[in-house]
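Asks: Have a look at this one before I ask anything.
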Amino acid sequence: MHRTKKIGVFISHIYGNYQSRLCSGIIEKASEYGYLVEIFASNDGENLGDYGKGEFSILNIPRPDDYAGIITASDTFVLPSLKQALFKLLKECFTCPVIDITQKSSEYPRIVLENNKPVRDVVIHLGKRHHCKKICYLGSLAESDNNILRQQSFLEGLEELSLPAKDTVYACDYSRESIELALKHILDSQQLPDAIVCYNDRIALSVITMLKERDLRIPEQIAITGCDTLEFGQMTAPILTSVTFPSDEVGKMAAMQLARLIRRETVEPFTTVNAVPSFGTSCGCPAAHPISSYFYTRKLDEHIMSLEQNMLLNMHMSANLQCIDDLDTGIELLAEFALSLPDCREFYLCLYEDWDQISHHIREITFTEEEELCSDTVLLKLAIKNGKRLPECTFTKRSILPDYLYDSNSSSYIYTPLFFGEKSFGYLALTLENSKSGYPFFFLSWLMNVNNMLMELCDKKNLGLLVGRLEDIYTKDELTGLLNRQGFKLASVPAVNKAIADQTPVCAFMFDLDGLKTINNTFGHEEGNFAISVLAHALENSTDETAICSRQGGDEFWVLAFDYTPEKASSLMNHVTKYLNNYNKLHPKEYQIQTSCGYAVKVPESYADLTEMFREADLNMYAQKQSKK
């Protein structure tokens, strides 16, 4: 029996370090309260063109009544439109309490990671502990909103130290040229700075490299600090002074505050979790721990090796899935790749029943009838649990997964949408070992391979209908649906060649509608066309599946029948006549629908023999027509 107490989490780019740690904190604290966490992860804003339009389908996966509460990490969403759509959904469809993790204002109680004020503490540390008198700030042009806050915190630190702020603020983007230009301005001033406080570790590490290239010693001549404590900055010499973001604590706080709301307790409009400075040797402090470059180098080597292996796996997966002609074959291949996903304990691929529904435009131009599909049905096409395949099944959209799949040992599920452009296919559900909360970055290309496979299968289905329609236009008579001249030739050549090889007789029939000119002149061409169609139905009704029926033009019909004797040919002619007589009795008109026919039977020696056979059939048909006058 699965736990009914659920918390939903909406987040984007879950493979990021911040997002992954944030979710880990939520899962850890929610588990203490007995909640199952279901994470809905998008990858919006990756600049993937039309491919990325379907990111909005993440909002269609959760069932609003399933959740005791919702946590949103709204700052992780890149597209404002998706964020707006999410809040609209929460407001209109969800009745449970919501907590928003955001630095910005929100209509919901929010958790705020205070990661700007610690910059002030770093500045004061530089002034009081290391006696720096000239401190500069190198901000980020790429992240202007946060940069303004950190710059303000920097200036507050200078004010606390009673240090001048003039000519202390600079900015750059992440290109080497931009950083070098900003650094040149800083160094070209009348006095070298004692310290440079950088917007983040990425800029700080670049600055350290460039200062070393100028033979400037750190921290002896210039102290450098960053903000966000990248692993690389903690494994280099000097160890980078930075600011540590306790992302997991933010997640825990969000779960705690949500639990209070669920219990109908009052919570503050916003709750702050403070980032804290992490002092390394780049500011002049003694090393708190020795640098183990060997182990870090080994770790980097393993990481590079993993990236290379995943690139090769992705190429192999992409190449294999591109050649798929049907879904079942694709699922079998996909299962092999899913079993190789690291740390994946449960893997479920769910498809909406209309995932490959033909587009309205294609149905219209191919005269394909509307498909009758149940929009409430989901197909569990691939299910893997603890390394074992489970059978396919269908379930209703009232549940995200069938109830029997939920595992008491699982504390979280990650859901991500399957789509291409604006076409939504369904979604994937994952559970990772040890309650891990984020899949690795390479899984994004893995997802694209799955989406490309599903889209290609849809395209092949549409293309098949279009090709079929083109073949019909080329080979079939539009009025009767029988083969036309081109279609007759394409169908008859292999059939006659087989009869030649088997030495079986072929019968060539020629049918002609009696009195078509009179029907057209007296009752109109629509009635003439109607009579032609009735004769076509009579021929289809009287022949077996091996016979080839065609309308050659006007009221002239050719039929090729195989393994026929003259007696069998006469029987077919009688069957056609009887069909028309019955039709005239059951559907009386002011005219009679009748036909004249002739045939020729022969074991052909070559395809060219058909010309003589149809000439003979034409003469016999004409003789029958004359006998009726």
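The values are calculated or read from the model by the stated rules, or taken from the named source; none is laboratory data. Keep in mind the model is a prediction, meaning the values are calculated, not measured. We place every Cβ from the backbone using ideal geometry, glycine too, and count neighbours over all the protein chains shown.
Asks: Can you tell me how many residues in segment 187-207 are under 24 Å from K117 (Cβ atoms) and either of a type outside the set (D, E, K, R) or not in a helix (DSSP H, G or I) (or both)?
Replies: Residues meeting the conditions: 12.
Asks: I've got another one for you. Can you tell me which residue within segment 417-475, out of those that are among the hydroxyl-bearing types (S, T, Y) and in contact with a Phe, Trp or Tyr (Cβ under 8 Å, 6 or more places away or on another chain), is modelled with the lowest pLDDT?
Replies: Taking segment 417-475 and keeping what is among the hydroxyl-bearing types (S, T, Y), we get 424, 427, 431, 435, 437, 439, 445, 474-475.
Imposing the further condition that a residue be in contact with a Phe, Trp or Tyr (Cβ under 8 Å, 6 or more places away or on another chain) reduces the set to 424, 427, 431, 439.
Numbers: S424: 91, Y427: 95, T431: 89, Y439: 68.
Checking each candidate, the answer is Y439.
Asks: Within segment 196-219, can you find the residues that are among the hydrophobic types (A, V, I, L, M, F, W, C) and closer than 15 Å to I135 by Cβ?
Replies: I196, V197, C198, A204, V207, I218
Asks: If you don't mind, there's one more thing I want to ask. How many of the residues in segment 516-543 are without any contact (Cβ under 8 Å) to a residue 12 or more places away in the chain and surrounded by fewer than 15 Cβ atoms within 10 Å (Cβ to Cβ)?
Replies: The total comes to 5.
Asks: On the basis of being among the basic types (K, R), in contact with a helix residue (DSSP H, G or I) (Cβ under 7 Å, 6 or more places away or on another chain), farther than 30 Å from R260 by Cα and in a helix (DSSP H, G or I), does R150 make the cut? Spell out the reasoning first.
Replies: Working: among the basic types (K, R): yes; in contact with a helix residue (DSSP H, G or I) (Cβ under 7 Å, 6 or more places away or on another chain): yes; farther than 30 Å from R260 by Cα: yes; in a helix (DSSP H, G or I): yes.
So R150 fits the description; yes.
Asks: For the subset of segment 549-575 comprising residues that are more than 55 Å from the chain's Cα centre (by Cα) and in contact (Cβ under 8 Å) with a residue 40 or more places away in the chain, which member is farthest from P505 (Cα to Cα)?
Replies: So the first thing to find is which residues in segment 549-575 are more than 55 Å from the chain's Cα centre (by Cα), and the list is 564-575.
With the extra rule that they be in contact (Cβ under 8 Å) with a residue 40 or more places away in the chain, the set shrinks to 564-565, 568-569, 572-573.
Values: Y564: 6, T565: 7, K568: 11, A569: 11, L572: 15, M573: 17 Å.
Ranking the qualifying residues of segment 549-575, first place goes to M573.
Asks: Quick check, is G426 more than 26 Å from A30 (Cα to Cα) and buried (at least 21 other Cβ atoms within 10 Å of the Cβ)?
Replies: Details: more than 26 Å from A30 (Cα to Cα): yes; buried (at least 21 other Cβ atoms within 10 Å of the Cβ): yes.
Yes, satisfied.
Asks: In this structure, does E177 turn out to be loosely packed, with under 14 Cβ neighbours inside 10 Å, of a type in the set (D, E, K, R) and not in a helix (DSSP H, G or I)?
Replies: On the way: loosely packed, with under 14 Cβ neighbours inside 10 Å: yes; of a type in the set (D, E, K, R): yes; not in a helix (DSSP H, G or I): no.
No, not satisfied.
Asks: Does S105 satisfy the condition of being under 32 Å from the mean Cα position of the chain (by Cα) and of a type in the set (S, T, N, Q)? Can you show your working first?
Replies: Working: under 32 Å from the mean Cα position of the chain (by Cα): yes; of a type in the set (S, T, N, Q): yes.
Taking the combined requirement at face value, the residue satisfies it.
Asks: Filter segment 583-615 for residues that are out of contact with any Asp or Glu (no Cβ under 9 Å at 6 or more places or on another chain) and crowded, with 17+ Cβ neighbours inside 10 Å; which is farthest from Q503 (Cα to Cα)?
Replies: That would be Y583.
Asks: Output the residue which, of all residues in segment 526-560 that are of a type in the set (G, A, S), at pLDDT 95 or above and in contact with a Lys or Arg (Cβ under 8 Å, 6 or more places away or on another chain), is nearest to V603 (Cα to Cα).
Replies: S550
Asks: Shifting gears a bit: Identify all residues within segment 577-628 that are aromatic (F, W, Y) and either assigned to a strand (DSSP E or B) or in contact (Cβ under 8 Å) with a residue 60 or more places away in the chain (or both); write none if there are none. Quick ask: steps written out before the conclusion?
Replies: Looking only at segment 577-628, we keep the residues that are aromatic (F, W, Y), and these are 579, 583, 591, 599, 607, 614, 622.
Y591, Y599, Y607, F614, listed by residue number.
Asks: Shifting gears a bit: Go through segment 373-424 and report how many residues are polar (S, T, N, Q) and without any contact (Cβ under 8 Å) to a residue 60 or more places away in the chain. Spell out how you get there, then give the answer.
Replies: Of segment 373-424, the ones polar (S, T, N, Q) are 375, 377, 386, 394, 396, 399, 408-412, 416, 424.
Those left that are additionally without any contact (Cβ under 8 Å) to a residue 60 or more places away in the chain: 375, 377, 386, 394, 396, 409.
Residues that pass the stated criteria total 6.
Asks: Out of all the residues in segment 127-136, which are touching a residue at least 40 places away in the same chain (Cβ under 8 Å) and not in a loop (DSSP other than H, G, I, E, B)?
Replies: Matches in segment 127-136: R129, H130, I135, C136.
Asks: Right, another one. Answer yes or no as to whether A547 is farther than 22 Å from G515 by Cα, touching a Cys at 6+ places or on another chain (Cβ under 7 Å) and surrounded by 13 or more Cβ atoms within 10 Å (Cβ to Cβ).
Replies: no
Asks: Need pairs with beta-carbon distance below 7 Å; first residue more than 15 Å from L447 (Cβ to Cβ) and within segment 300-321, second modelled with pLDDT of 75 or more and surrounded by 12 or more Cβ atoms within 10 Å (Cβ to Cβ); sequence gap 6+ or separate chains.
Replies: N320/L333
Asks: Taking A288 as the residue in question, decide whether it is in contact with a Lys or Arg (Cβ under 9 Å, 6 or more places away or on another chain) and either under 30 Å from V207 (Cβ atoms) or of a type in the set (K, R) (or both). Give the steps one after another, and end with the answer.
Replies: Working: in contact with a Lys or Arg (Cβ under 9 Å, 6 or more places away or on another chain): no; either under 30 Å from V207 (Cβ atoms) or of a type in the set (K, R) (or both): yes.
Spelling it out, it is not the case that A288 is in contact with a Lys or Arg (Cβ under 9 Å, 6 or more places away or on another chain) and either under 30 Å from V207 (Cβ atoms) or of a type in the set (K, R) (or both).
Asks: For segment 225-234, indicate whether the set of residues that are among the charged types (D, E, K, R) and within 38 Å of the chain's Cα centre (by Cα) is non-empty. Even if it seems obvious, please write down each step before you answer.
Replies: Going residue by residue through segment 225-234, those that are among the charged types (D, E, K, R) are 228, 231.
Narrowing further to those that are within 38 Å of the chain's Cα centre (by Cα): 228, 231.
Within segment 225-234, one or more residues are among the charged types (D, E, K, R) and within 38 Å of the chain's Cα centre (by Cα).
Asks: Within segment 592-617, can you find the residues that are out of contact with any helix residue (DSSP H, G or I) (no Cβ under 6 Å at 6 or more places or on another chain) and closer than 13 Å to V559 by Cβ?
Replies: L610, M613, F614, A617
Asks: Residue check, Q221 against (1) surrounded by 14 or more Cβ atoms within 10 Å (Cβ to Cβ); (2) touching a Leu at 6+ places or on another chain (Cβ under 8 Å), all met but one. Which one?
Replies: Of (1) surrounded by 14 or more Cβ atoms within 10 Å (Cβ to Cβ); (2) touching a Leu at 6+ places or on another chain (Cβ under 8 Å), only one is false for Q221: (1).
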